[in-house]
Every structure is written in C-alpha cells, then in structure tokens.
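**Student:** This is the structure I want to talk about, given as structure tokens.
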Amino acid sequence: MMNHYNIKKPFRHFLDLAALTKEEAREIIEKAKKLKTAATEEGHGKGFIHKDRPLTDKSLAMVFEKPSTRTRVSFEMSMHQLGGTAIVLNGHDMQLGRGETIADTAQVLSGFVDAIMFRADNHDSLLEMAKYATIPVINALTDFSHPCQVMADVLTFEEHHGSIKGKKIAWSGDGNNVAVSWIHAAILFDCELVLACPKEFSPSNEVMQWARDNKGKVTLTQDPKEAARDADCIITDTWVSMGDKDEEKRIAILSPYQVNGSLVRLSHKDSLFMHCLPAHRGEEVTDEVIDGPHSVIWDEAENRLHIQKSILMWCFGK
Ligand code: CP
Ligand code: NVA
C-alpha cells in the first residue's frame, strides 16, 4: 500500500486533511464562511453565480466509483456558482470500468479539464490518480478517508458554537473513513476527539500512531458513555459503509454504539449531533436524536456546498 502521508504536491491536491498545514485548513474554513455569507445573505436562488466568477474558465471532472447524493450535487453546484463547469462521470460507464488504468485516465482527463474530483473504491486508486494527473485531484471519499465531509463538519460546528479549539468531539460507532478524517481534523484544529469503537471496527493502529506522533488529543475507548460524557458534539455514521460486505456481523457488534437519547443526555446540554448522511435510522442513530434539538444534520449537509467551493478555490490557488 502506498504511503498516505507523503504525497508530493507539485500543485494543490486535496487528498487528506493530514496533508494540510493548520494554516491551510483554517484558511479553507474561513473562506467557506465568507462564501456562504455571500451566497445566502443576498437572498439569491440556489442557481446564482458569485459576482466575480472566481472559477470562470475552470472545469472539474467528477469521477464516481461509488454512489453519491450530497457530494455530487454540492460539487456540481459549487462549480456552477463559482462560474465554472462540472462534468459527472460514472466510473462504470467509463473505460476505467473496462480496465483502462487510472494512470492513463488521469493523464487523459488532465488534457480536458482543470481538476479531478474522485470518489474511489480504494484509497490507492486516489493516490494513483493524484500521482499521474497534472492537475489538482480532490478526495471525494475513499475507503480510507472523507476529508471534504469533515471540513464541512468543522464549519458546521463553528457556525453553531464558535471556535472548535479545545472542544470535546465524541465519535460513537464504526472507526471508518469519516472517523479517520476526524482524527486528522483533531490535530489540524486542536480539538479533543474521543472515539468509541469496538475492537473489530476501530481505526487502524497506523492512524492512531499518526495522531500520537502529531501530539493530538485523540483517544480510543470501547465505552460510548465515556466518549459522550460532557461532549460538545456527538458524531456517528452508518455501520455498513459502501463496499463493506459483513453487514450482519457489523450490525451485531456495533449495536451498543447506537447514538440514542440516553447517550446524548450525557453530553453538554447544548451539544450538537452530526451525521454525514445517508443515515440508517434505528441503527446507528434513533429518530429521537437525528430529528431532535441537538441535531444539525441539515446545516451539515448544506455546508458541503460552501466548503466544496472553498476547497476548489484553494486547489486553484484563488
Ligand atoms: N456524506 C456524503 O458524502 O454523502 P453522499 O454519499 O450522498 O455524497
Ligand atoms: N462511511 C460512509 C460514508 C458515506 C458518505 C461510506 O463510506 O459509505
């Protein structure tokens, strides 16, 4: 497997939060706040275009090896609102699905468009795309990480509760791709992260070691109550991610990690509940929580749009 943390950056790929500096991550969040204000406070429809059209003449190929609702729509609308163009490509409809290599695909797309957004089955495929593309590549979810999502989550947290620095974030459930990006974010944004995950579905030792090496306040427990106690935010995600095969086993092992009313009552009285969606109501989260007063899931989903714009502009050096 290729090294996740040591990609050379001849231009600005957005591959993982672990590859950003704290300053870069902060710049992307602050820019997203400004773009959101411009897009929402002027009473525009969703089809509006930012006056200065910062991505005029820029184009994005969006390559999907897995399904998507939020990521697809938010990136496509981002390019439109920034004055650029987006093309959606289903990996299975491309020659990629018939065996054309990622390296060749990367070089061909680099001749047609200005950036590639890639939702890949396998993280190594993303790294290969980035290695051979001569244009920026954006990670739109892999089996390893989901950095765009977690940047939207940080934006959402700060909109509701101000700076995330020093705040306690709890994760209860599968130590999956979103959890890994949260581990990276805990270092970038200096927050405390307590992950409650069963042994079988904990983040890898490699990622936990990375957090320790970077002096993060990241801990792993098998007790969801320990994570939730006095937390400022509780987060979970599906127990069966795209590509996971062992559904029955996962549901059985992850059941004690459900985010329900009694777990949320252990958290800070103003705590937030977040979920990247799609949710499996009654599994990882109850209706009481996801539809309840702590939940900010609709803001979180909308913020994918505002953060994508900022990520795109950062990739283009704007
Ligand atoms: N949260 C997220 O990435 O959603 P989609 O799979 O719908 O893009
Ligand atoms: N962990 C989930 C996130 C979906 C947006 C998955 O990979 O399927």
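The values are calculated or read from the model by the stated rules, or taken from the named source; none is laboratory data. Since this is a predicted model, take the numbers as computed values, not measurements. Don't worry about glycine lacking a Cβ; one is built from the backbone with ideal geometry, like all the others, and counts go over all protein chains shown. With ligands, DNA and RNA removed, areas are computed over all heavy atoms of the protein, side chains included. Shrake-Rupley method; radii C 1.70, N 1.55, O 1.52, S 1.80 Å.
**Student:** Would you please name the residue that is surrounded by the fewest Cβ atoms within 10 Å (Cβ to Cβ), looking only at residues in the range 219-240 that are within 16 Å of ligand 2 (Cβ to nearest atom) and over 15 Å from GLU200 (Cβ atoms)?
**Tutor:** Taking the range 219-240 first, the residues within 16 Å of ligand 2 (Cβ to nearest atom) are 235-240.
Next, from what is left, pick out any that are over 15 Å from GLU200 (Cβ atoms): 235-238.
On the way: ILE235: 27, THR236: 29, ASP237: 27, THR238: 22.
Taking the candidates together, the pick is THR238.
**Student:** Separate question: Among the residues of the range 289-300, write down those that are open to solvent by less than 50 Å² (accessible area, probe 1.4 Å) and within 16 Å of ligand 2 (Cβ to nearest atom).
**Tutor:** Taking the range 289-300 as the starting set, the residues that turn out to be open to solvent by less than 50 Å² (accessible area, probe 1.4 Å) are 289-290, 292, 294-297, 300.
Residues satisfying the conditions are ILE290, ILE297, GLU300.
**Student:** Name the single residue, out of those in the range 126-153 being buried (at least 22 other Cβ atoms within 10 Å of the Cβ) and not hydrophobic (A, V, I, L, M, F, W, C), that is farthest from ALA301 (Cα to Cα).
**Tutor:** Looking at residues that are buried (at least 22 other Cβ atoms within 10 Å of the Cβ) and not hydrophobic (A, V, I, L, M, F, W, C), I get PRO136.
**Student:** Okay, moving on. Would you check if LEU272 is closer than 23 Å to ASN303 by Cβ, within 16 Å of ligand 1 (Cβ to nearest atom) and either out of contact with any helix residue (DSSP H, G or I) (no Cβ under 8 Å at 6 or more places or on another chain) or at pLDDT 95 or above (or both)?
**Tutor:** Numbers: closer than 23 Å to ASN303 by Cβ: yes; within 16 Å of ligand 1 (Cβ to nearest atom): no; either out of contact with any helix residue (DSSP H, G or I) (no Cβ under 8 Å at 6 or more places or on another chain) or at pLDDT 95 or above (or both): yes.
In short, no.
**Student:** Scan the range 72-95 for residues that are within 16 Å of ligand 2 (Cβ to nearest atom), open to solvent by less than 70 Å² (accessible area, probe 1.4 Å) and at pLDDT 95 or above and jot them down. Explain how you work it out, then say what you get.
**Tutor:** Let us first name the residues in the range 72-95 that are within 16 Å of ligand 2 (Cβ to nearest atom), namely 72-75, 91.
Among the residues that remain, those that are also open to solvent by less than 70 Å² (accessible area, probe 1.4 Å) are: 74-75, 91.
Passing the criteria: SER74, PHE75.
**Student:** Is it fair to say GLY261 is open to solvent by less than 80 Å² (accessible area, probe 1.4 Å), closer than 25 Å to PRO67 by Cβ, more than 16 Å from ligand 2 (Cβ to nearest atom) and small (Gly, Ala, Ser)?
**Tutor:** Values: open to solvent by less than 80 Å² (accessible area, probe 1.4 Å): yes; closer than 25 Å to PRO67 by Cβ: no; more than 16 Å from ligand 2 (Cβ to nearest atom): yes; small (Gly, Ala, Ser): yes.
In short, no.
**Student:** Would you mind stating whether THR69 is open to solvent by 50 Å² or more (accessible area, probe 1.4 Å), of a type outside the set (Gly, Ala, Ser) and more than 16 Å from ligand 2 (Cβ to nearest atom)? Explain how you work it out, then say what you get.
**Tutor:** Numbers: open to solvent by 50 Å² or more (accessible area, probe 1.4 Å): yes; of a type outside the set (Gly, Ala, Ser): yes; more than 16 Å from ligand 2 (Cβ to nearest atom): no.
Considered against the rule, which asks whether it is open to solvent by 50 Å² or more (accessible area, probe 1.4 Å), of a type outside the set (Gly, Ala, Ser) and more than 16 Å from ligand 2 (Cβ to nearest atom), THR69 comes out as no.
**Student:** For the range 125-148, give me each residue that is assigned to a helix (DSSP H, G or I) and away from ligand 1 (no atom under 13 Å from the Cβ).
**Tutor:** Filtering the range 125-148 for residues assigned to a helix (DSSP H, G or I) gives 125-132, 147-148.
Those that are assigned to a helix (DSSP H, G or I) and away from ligand 1 (no atom under 13 Å from the Cβ): SER125, LEU126, LEU127, GLU128, MET129, ALA130, LYS131, TYR132.
**Student:** Which one is farthest from ILE234 (Cα to Cα) among residues in the range 275-294 that are in contact with a strand residue (DSSP E or B) (Cβ under 9 Å, 6 or more places away or on another chain) and within 15 Å of ligand 1 (Cβ to nearest atom)?
**Tutor:** Taking the candidates together, the pick is ALA279.
**Student:** Now a separate question. In the range 278-288, which residue that is open to solvent by 10 Å² or more (accessible area, probe 1.4 Å) and touching a residue at least 24 places away in the same chain (Cβ under 8 Å) is farthest from the chain's Cα centre (by Cα)? Give the derivation first.
**Tutor:** From the range 278-288, those open to solvent by 10 Å² or more (accessible area, probe 1.4 Å) are 278-283, 286-288; that's our starting set.
Restricting the remaining residues to those that are touching a residue at least 24 places away in the same chain (Cβ under 8 Å) gives 278-280, 283, 286, 288.
On the way: PRO278: 13, ALA279: 15, HIS280: 18, GLU283: 21, THR286: 22, GLU288: 25 Å.
Across the range 278-288, the extreme among qualifying residues is GLU288.
**Student:** Before we move on, is LEU305 crowded, with 16+ Cβ neighbours inside 10 Å, not in a helix (DSSP H, G or I) and not polar (S, T, N, Q)?
**Tutor:** Working: crowded, with 16+ Cβ neighbours inside 10 Å: yes; not in a helix (DSSP H, G or I): no; not polar (S, T, N, Q): yes.
Here the answer is no, as LEU305 does not meet what is asked.
**Student:** If you don't mind, another one. In the range 233-248, what count of residues is obtained for those that are away from ligand 1 (no atom under 13 Å from the Cβ) and touching an Asp or Glu at 6+ places or on another chain (Cβ under 8 Å)? Talk me through it step by step, then tell me what you get.
**Tutor:** Of the residues in the range 233-248, the ones away from ligand 1 (no atom under 13 Å from the Cβ) are 233-234, 239-240, 244-248.
Among the residues that remain, those that are also touching an Asp or Glu at 6+ places or on another chain (Cβ under 8 Å) are: 239-240.
The total comes to 2.
**Student:** Failed condition for HIS275, given (1) more than 16 Å from ligand 2 (Cβ to nearest atom); (2) open to solvent by less than 20 Å² (accessible area, probe 1.4 Å); (3) not aromatic (Phe, Trp, Tyr), with all others met?
**Tutor:** (1)
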